[in-house]
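The values are calculated or read from the model by the stated rules, or taken from the named source; none is laboratory data. Source: prediction; values computed, not measured. Cβ placement follows ideal geometry from the backbone for every residue including glycine, while neighbour counts extend to all protein chains displayed. Ligands, DNA and RNA are excluded from the accessible area calculation, which covers all protein heavy atoms including side chains. Shrake-Rupley method; radii C 1.70, N 1.55, O 1.52, S 1.80 Å.
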Amino acid sequence: MSGAAPFPWDAAMAFGFGILRLSSRDFWCLTPRELAAACRPPAATSSGLDRAGLAALMARFPDAPRR
């Protein structure tokens with residue numbers, strides 16, 4: 001034996017089925033690399049919108065008519 005820890009199948013299945021809500025077929029079709037990528041937190045995004053970005057979004061998606 002190499003002394004390596006066994007793969008944590010219980011944790012992987014709990015995450016795949018419970019958090020990612022994958023079907024059994026989709027879970028078992030994942031490669032180990034894909035499963036590892038799905039378990040990582042999302043990459044950091046920008047710090048937020050600036051005033052111009054917010055104004056552009058408000059123009060594209062108005063909530064209510066302006067008065």
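Per atom type, the chain shows carbon and sulfur on 61% of its accessible surface, probed at 1.4 Å. Under the combined filter of DSSP loop state and at most 10 neighbouring Cβ atoms within 10 Å, the range 1-52 retains these trypsin sites (Lys or Arg not before Pro): Arg21. Charges were assigned to the Cβ only: +1 to each Lys and Arg, -1 to each Asp and Glu. The resulting dipole of the chain about its Cα centre is roughly 380 debye. Using θ = phi - 60° in the Karplus curve 6.51 cos²θ - 1.76 cosθ + 1.60, the 3J(HN,Hα) couplings for the range 21-38 round to 6, 7, 6, 4, 4, 5, 4, 6, 7, 5, 7, x, 5, 5, 4, 4, 5, 5 Hz; x is entered for Gly and Pro. Computed from backbone phi, the HN-Hα couplings of the range 5-11 come to 6, x, 5, x, 4, 4, 5 Hz, rounded to whole numbers (Karplus: 6.51 cos²θ - 1.76 cosθ + 1.60, θ = phi - 60°; Gly and Pro given as x). Think of a 1.4 Å ball rolled over the protein heavy atoms: the chain then has 94 Å² of accessible area per residue. Each principal axis of the Cα atoms in the chain has its own extent, and those three values, largest first, are 73, 25, 16 angstrom.
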